[in-house]
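The values are calculated or read from the model by the stated rules, or taken from the named source; none is laboratory data. The model shown is predicted, which means the values in this text are computed figures rather than measured ones. Cβ placement follows ideal geometry from the backbone for every residue including glycine, while neighbour counts extend to all protein chains displayed. Accessible surface areas use protein heavy atoms only, side chains included; no ligands, DNA or RNA. Shrake-Rupley method; radii C 1.70, N 1.55, O 1.52, S 1.80 Å.
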Amino acid sequence: MRNVLLVVSVLYASALHAQQPDLVRYVNTLQGTNSSYELSAGNTYPTTGMPFNVNAWSPQTGKNGDGWKYKYSENKIRGFGETHQCSPWVGDYGVFTLMPVAGELVVDQDKRAAVFNHKNETAKPHYYQVRFDNGVNTEIAPTERAAMFRFSFPKGKNAHVVLDGYTKLSAVSIDEGTRTITGYVTNGAFVPKGFRNYFRIVFDKPFRRAGTWENKQNSVQAGQLTAEGEGIGAFVEFAPGSVVTAKVVSSYISSGQALVTLERETGQYTRLEQAKDAGFSTWNKLLNRVKVEGGTEEERATFYSCLFRANLFSHQFFEYDAAGKPVYYSPYDAKLHEGYMFTDNGFWDTFRSQFPLTNILHPTMQGRYMQALLDAQQQCGWLPAWSAPSETGGMLGNHAISLLTDAWAKGIRGFSADSALKAYYHEATNKGPWGGANGRAGWKEYYQLGYVPYPVSEGSTAQTLEYAYDDFCAYNLAKMTGNTFYETIFARHMYNYRNVFDSDRKLMRGRQVDGEWTTGFDPFAWGGPYTEGNAWHYNWSVFQDIQGLIDLTGGDEAFVTKIDSVFSQPNTVNVGSYGQMIHEMTEMVNANLGQYAHGNQPIQHMIYLYSYAGAPWKTQARIREVMDKLYNSGVNGYPGDEDQGGMSSWYVLSAMGIYSVTPGTDEYVLGSPVFSKVTIEMENGKKFVIEANGNSKKNVYIRSASLNGQQYDHNWIRYSDISDGGILKLEMSAEPNRERGLRNEDKPFSLSKK
Ligand code: CA
């Protein structure tokens, strides 16, 4: 008996050991949802979806077409919809919504909106639930391309589900026999001509009544089972008090493909819980690949909420056909192709942190993605820069090359470097038909003068800096692959940042065609030669050559003082060419860290630059302060737009103790981790551990370090150190070690490093 008990308890213990801890419980999908047009705390919505999903789902408080689809401050929900939205500033596409309506049938989106309280809401990656004050309960559990919905209606009241066709042309067809609504929607500002998102909704209960309606006049056609037109929707009615489960799916390819996907992703499910459990398991496995120990409960919640958002974009845009082959409708040429496609991402936001994090966690996907970038270029003639799902050309720079080079530098293959360089060369020597980041605004002047002049191009100095960095990426990819032709070409341009540095003012400035600086300089003025920032913010956009920037500034001491002064400057805003406060300005004022505008991308790497100038302890202290002060797991959790995982990845990397200042190289700069131990599990199962002994809110400084048992004084580690597995041990202290990390070889990569 004793032996049997022993065996049982050993088995029990090993089963417990095999089971991964529940890290999904830390994720709050409401993080950052308390946002508005005027002020962004993330500009997120409660994304209910799988990692890099094709289709995600969200409750909708805003009117159809409003980018702020869910505001935490609202108290009414008007529908639950499929979503693909990157950002409220770009808007959604392919949206349709479902709304449970109890009692009288009400279709009007304002009138059907139901009151709810956040205490009756559950917001998790794999499960969303809300009980309205009227007693109707809605639950959603997603798969990659579909979802299981469950509507529970109160007893004694008629039970309706209203399908809203959102904006623009849509169509519905109701089949009472199979309890199915099929149709399509076409909405989206950046979708190709002829774009259709074909949906299919299959209910598990028979309809008592059904019909169509349209959301302009809100006229209802009971008994009419098909319709097509602007804002066309449908309604179905069930027995009072019904609990109705619906499988919801869509396809960009065809209605038939939607059926294939429905079978593939939900065919085995009869209950919502099955999708919920599978979703939990997928997310939990992914979150367990970065295990943190130490820190506070709130810091763990912030970390895993951010890790969740770091794993949503880019969206997969491919589907699996009946034979299981990946196929996709291309947002770039509106044709059907075999293979993988990814979209919904503004690389200006994400090249800095989201992709360098993804290269650690998902190298296989990243290899497919890099090939997809080149396929997209073949399909539309241009590399993607800001796609949603087709190219918008938004923001600036040609940062696809940063992604391609960064992947290559980290050993990720599956694409042709020569094709990448050829595509980039075309990008850098032409201007495309869409926005400023489609080809190059000001490319001719950039080549003739070595800078983009102002006012020839809005954002000219920001463009010069980012073009020079992109040219470095192309140079480095050419160098790594022995392509001397492109190496020679781009080597000529990667120092062009020098041409917009005013050595009197010691700041990057707008420069005219005649070589003179623009007049009326005010370092607090936003816009003009800068994009969404000012001279203080863009001074640091020399990712490829921080040592060169230090030299221009007058050496280490002057450079450290310069970074210090960003924090000691007043948080003054001159709205400049914007003419009014934009939310990024308000966020900088609110953060109250001088001119440190962490709410937007340009300055987000600056704190790490102390480590290039002999003051790594200043990086360590400031990075901890900013993580602590500006991030949390709540509805005000971000200091500005989250931006497709960009801001979340900044936090995830920084909280692990590393950051990628120069994507396109194999280095990550060391900071100061939030946690006493971080274990990163690679795709191949190898583990890299970052241990920070004695870490606490006070002990933020690295006294000493070792890598795999050897003393380690560099302020950087290589990608291969992480991907090969190993252990980085940090001894933390309340006092800075002013001797560590000062030698030239301790400084991270710079083109001008001696
Ligand atoms: Ca931003």
Taking amide H positions as placed in the peptide plane 1.01 Å from N, state which residues far from ASP204 in sequence (5 or more) or on other chains have amide H under 5 Å from it.
THR245
For the stretch 721-734, what does the Karplus curve 6.51 cos²θ - 1.76 cosθ + 1.60, with θ = phi - 60°, yield as ³J(HN,Hα) per residue in whole Hz, taken in order and with x for Gly and Pro?
4, 6, 6, 7, x, x, 9, 9, 10, 10, 9, 9, 8, 7
Charged-residue dipole, Cβ positions (Lys, Arg, Asp, Glu), the chain about Cα centre, Debye nearest 20:
1440 debye
Additional length obtainable on full extension of the chain from SER577 to MET682, 0.36 nm per residue less Cα span
33.2 nm
With each label point set 7 Å from Cα along the Cα-Cβ vector, what nm distance links VAL115 and ARG738?
6.3 nm
How many Å² of accessible area per residue for the chain, probe 1.4 Å?
34 Å²
Sequence gap at least 6, Cα distance under 8 Å: using those rules, report the relative contact order of the stretch 628-754 to the nearest whole percent.
21 percent
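Applying a 10 Å radius around every beta-carbon, put 81-92, 624-635 in order of their mean neighbour count, most first.
Per-residue Cβ counts within 10 Å, averaged per peptide and sorted highest first, yield 81-92, 624-635.
Using only the Cα atoms of the stretch 301-421, build the gyration tensor, take square roots of its eigenvalues as a ≥ b ≥ c, and label the shape rounded, prolate or oblate: rounded if a/c is under 1.5, else prolate if a/b is larger than b/c, else oblate. Can you show the working numbers first?
Values: a/c = 1.38, a/b = 1.22, b/c = 1.14.
Taking the square roots of the gyration eigenvalues as a ≥ b ≥ c, the stretch 301-421 is rounded.
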Given H placed on each backbone N at 1.01 Å, which residues far from LEU507 in sequence or on other chains put an amide H within less than 5 Å of it?
ASP502
The stretch 291-309 versus the stretch 548-576: alpha-carbon centroid distance in Å:
32 Å
Residue by residue through the stretch 134-141, which ³J(HN,Hα) values in whole Hz follow from phi under the Karplus form 6.51 cos²θ - 1.76 cosθ + 1.60 (θ = phi - 60°), with glycine and proline marked x?
7, x, 6, 10, 10, 10, 9, 10
At the level of C-alpha centres, the distance separating the stretch 449-482 and the stretch 165-182, in angstrom, is 49 Å
Please determine, in degrees from 0 to 90 and to the nearest 10, the orientation of helix 297-309 with respect to the longest principal axis defined by the Cα atoms of the chain, where the helix direction is its Cα long axis.
80 degrees
Mind scanning LYS506/LYS754; LYS71/LYS697; LYS69/LYS157; LYS124/LYS686 and naming the pairs with a C-alpha gap bigger than 24 Å?
LYS71/LYS697; LYS69/LYS157; LYS124/LYS686
Find, among the GluC sites (Glu not before Pro) in the stretch 655-686, those assigned to loop by DSSP (not H, G, I, E, B) with at most 15 other beta-carbon atoms within 10 angstrom.
GLU683
How do the peptides 323-331, 398-406 rank, highest first, by the average count of neighbouring beta carbon atoms within 10 Å per residue?
398-406, 323-331
Relative contact order in percent for the stretch 119-257 (Cα pairs under 8 Å, 6+ apart) equals 29 percent
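So what is the relative contact order of the chain, in percent, for Cα pairs below 8 Å that sit 6 or more residues apart?
Worked out over the chain, it gives 12 percent.
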Roll a 1.4 Å probe over the protein heavy atoms and report the accessible area of THR122 in Å², nearest 10.
50 Å²
Charge-dipole axis of the chain as Lys and Arg at +1 and Asp and Glu at -1 on Cβ define it, positive-most pick from GLY510, ALA692, ASN476
ALA692
Tell me which residues come under 5 Å, amide H to amide H, from PHE342 once H is placed; ignore anything under 5 positions away on its chain.
PHE317
Suppose every Lys and Arg Cβ carries +1 and every Asp and Glu Cβ carries -1, with no other charges. What dipole size does the stretch 378-434 come out with about its Cα centre, to the nearest 20 debye?
80 debye
In nm, spacing of pseudo-spin labels at THR519 and SER419 (7 Å Cα→C-beta vector):
5.2 nm
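What FRET efficiency would be calculated for the residue pair GLU176, LYS325, taking the C-beta separation as r and a Förster radius of 30 Å, to the nearest 0.05? Walk me through the numbers before you get to the answer.
Details: r = 34 Å, r/R0 = 1.13.
The pair GLU176/LYS325 has a calculated efficiency of 0.30.
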³J(HN,Hα) across the stretch 49-55 via Karplus (A = 6.51, B = -1.76, C = 1.60, θ = phi - 60°), whole Hz, x for Gly/Pro?
x, 8, x, 6, 4, 7, 10
Modelling each spin label as a point 7 Å along the Cα-to-Cβ direction, I'd like the ASP22/ASP333 distance in nm, to one decimal.
4.9 nm
Loop only by DSSP, 14 or fewer other Cβ within 10 Å of the Cβ. Give me the GluC sites (Glu not before Pro) in the stretch 135-221 that pass, ordered by residue number.
GLU176
With all protein chains present, how much of the accessible area of the chain (probe radius 1.4 Å) comes from carbon and sulfur, to the nearest whole percent?
49 percent
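Rounded, prolate or oblate: pick one for the stretch 660-700, where a ≥ b ≥ c are the square roots of the eigenvalues of its C-alpha gyration tensor, a/c under 1.5 means rounded, and failing that, prolate if a/b is larger than b/c, else oblate.
Judged from the Cα gyration tensor, the stretch 660-700 comes out oblate (a/c at least 1.5, b/c at or above a/b).
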Positive end of the charge dipole of the chain (Lys, Arg +1 and Asp, Glu -1 on Cβ, about the Cα centre): tell me which of ALA385, SER460, VAL161 has its Cα farthest that way.
VAL161
Mind checking the full-extension length gain between LYS698 and LYS754? Use 0.36 nm per residue of separation minus the Cα-Cα distance, one decimal, nm.
16.7 nm
Segment PHE567-ASN288, length gained on full extension (0.36 nm per residue, minus Cα span):
96.8 nm
